[in-house]
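Here is the structure we will look at, set down as structure tokens.
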Amino acid sequence: METFEDYQESTFRDRPTTFSKEGKRLWLFPKMPKGKLYNIRRGIAWSLLAFFYVAPFLKFRSEPLIFLNFLERKFVLFGNTFYPQDFHLLVLAVITLVVFIVLFTVIYGRIFCGWVCPQTIFLEFLYRPIEYLIDGNSEKQQELAQHDMDAIKALKRILKHGIYLVISFFTILTFVAYVTGVDKLGEILDGWPLQNFGILVGILAFTGVHYFVFAWFREQVCTMVCPYGRLQGVMLDVNTILVAYDYKRGEPRGKGERGIKGDCINCYSCVAVCPTGIDIRNGTQLECINCTACIDACNSVMKRVKKPSGLIRFASEKSISEGEKVRFNARVIAYSAVLVGMLVLITYLFTVRGDVETTIIRSQGTMFQEYGQDSYSNLYNLQMVNKTNSKVNVELKLLTPEGEIIIMGDSLQAAKDEVAQRNLLIVLKKTDVKSSNNHLEIGVYEAGKLIDKISSTFVGPNSLDKQP
Ligand code: SF4
Ligand code: SF4
């Protein structure tokens, strides 16, 4: 019986499945999958699509649910407002997400691609179903593609691509709404096409790109463009759980007596539904997005021929070749430790992040001043960011050592989204100024409640200057 290595050798290919020998694009006509996993995927995809299109209209604590204003560097996520001062949190969140995806890939392969990646969700659950609706199933689509252009084909093409363009346009408008907010988007649309002409051109250009990706480029994004897809080779190992064909059970394929032939009846149902056009029986391949369509297809075939399901299933190469259970290797444990550490850190930082962020810096180039007979003063610049949706009034008090804080100008208050800036003097008794650099702790109070503590320094004369 041939080994898996022989088997792989015999099915070696030197180009993606969608390229002909001459390097031309081969168009795919995948069948619409049916089965349990596809139903779950559809539920997830439609929920995510609904959330994507509706979220810009939803408000929480009088702010949009999600608001990504890159221009004014203000971000709102589920009622929490983030400013450039919170940039470290954003960086940490992005790093955590990347580590999470890498860890997930090491353990579960490319499941992110097939189940939640926006490329797959838009293509398989929005654009492709429209194609099935207008052009018919896979066979009818192929017939139509080979048919000369006539009135019916032209009508179908115009209808399909017209709908694609409308969806692309509204999708890009939705993206813009995440950046500008729906109210501002309404103002932009109000004056179209003469006013805001530049924005209109930008939106139309992105609509064109979106349409091109989903109407024509399609699976090439996953195979040729996506860096995450190209990184798979270094993240997967023999313990990774992914969509795999049980060649021990399936080979030799073909119809025949049990014991002489394997369970695979070589019906090609798994290939027919594959959105990237591969034959999973050739082993893990770079095009596989772990969408599980081939699992559904093969399970329904197995049911028909009265054999156990799971000829194609989620399994690791090791579990198939050695019949072992999935093991967590050192790499998975190390990644998990890093991930848990980062999650704890980011949760802590989000929890201690206050609604008001105050920074006090000693004015550049200033030294201490005599203040009256028995005190010294230092001049400071204060900046207070109000991250809440209402006006805040705060008071500052010196916690250590004892002293006085004199705010110049108006009392310390900031409206919603406002950054208040003031100059202030800190006055300390000469007897409390022990050295040329003294530590200060300042309390920030809102309605009498301590909401933040800030540390700073107070410059005094050095000990020699103090000698009588
Ligand atoms: S081989 Fe199976 S899991 Fe992989 S992309 Fe094709 S249908 Fe999806
Ligand atoms: S669907 Fe199952 S039985 Fe049919 S070719 Fe694929 S692996 Fe073999």
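A few remarks follow.
- Straight Cα distances below 20 angstrom link Lys160 to the lysines Lys31, Lys140, with same-chain residues fewer than 8 positions distant left out.
- Counting only lysines at least 8 places from Lys307 when in the same chain, those with an alpha carbon closer than 19 Å to its own are Lys34, Lys36, Lys248, Lys255, Lys261.
- Rg [Å, one decimal], Dmax [Å, integer] - region 356-466, C-alpha atoms: 14.6, 51
- One decimal place: the segment Lys74-Phe212 gains 46.6 nm when fully extended, by the rule 0.36 nm per residue minus the C-alpha distance.
- Sequence of Arg281, Arg230 once ranked by neighbouring C-beta atoms within 10 Å, starting from the fewest: Arg230, Arg281
- Summed over all non-identical Cα pairs, the Kirkwood treatment of region 1-136 gives a radius of 19.4 Å.
- Take every Cα pair under 8 Å whose residues are at least 6 apart in sequence, average their separation, divide by the length of the chain, and the relative contact order is 14 percent.
- Range of Cα positions in the chain per principal axis (Å), largest first: 108, 61, 40
- Ascending count of other beta-carbon atoms within 10 Å, so fewest first, for His161, His147: His147, His161
- Under the membrane-span-like helix rule (DSSP H runs whose alpha carbons stretch at least 30 Å along the helix axis, mean Kyte-Doolittle hydropathy 1.6 or higher), the chain yields 87-108, 330-352.
- Cα centroid separation, region 411-451 to region 120-186 (Å): 59
- Rough spin-label spacing in nm, given labels placed 7 Å along Cα→Cβ, for Val91 and Ala334: 2.4
- Listed from fewest to most Cβ neighbours within 10 Å, the set Tyr445, Tyr211 follows the order Tyr445, Tyr211.
- Thr366-Ala55 pseudo-label distance in nm [points 7 Å out on the Cα-to-Cβ vector]: 4.4
- Multiplying each eigenvalue of the alpha-carbon gyration tensor of region 244-352 by 5 and taking the square root yields semi-axes of 37, 17, 12 Å, largest first, rounded to whole angstroms.
- Take the Cα of Tyr83, go 7 Å toward its beta carbon, and the backbone nitrogen atoms of region 365-394 under 19 Å from that spot belong to 380-394.
- Straight-distance crosslink candidates among lysines, where the alpha carbon sits under 25 Å from Lys453 and sequence neighbours closer than 8 are dropped: Lys74, Lys387, Lys391, Lys397, Lys416, Lys429, Lys430, Lys434
- For region 155-234, average projected area of the Cα convex hull in nm²: 7.1
- In the chain, the DSSP-assigned H stretches of four residues or longer account for a calculated mean residue ellipticity at 222 nm of -12000 deg cm²/dmol, using -39500 (n - 2.57) per stretch and the full residue count as denominator.
- Efficiency of FRET between Thr457 and Val225 - r from beta-carbon atoms, R0 35 angstrom, step 0.05: 0.10
Each value in this text was obtained by applying a stated rule to the coordinates, not by laboratory testing. In this text the structure is predicted, and so the values were computed from the model without any measurement. Glycine also receives a Cβ, built like all others from the backbone with ideal geometry; neighbour counts cover every protein chain displayed.
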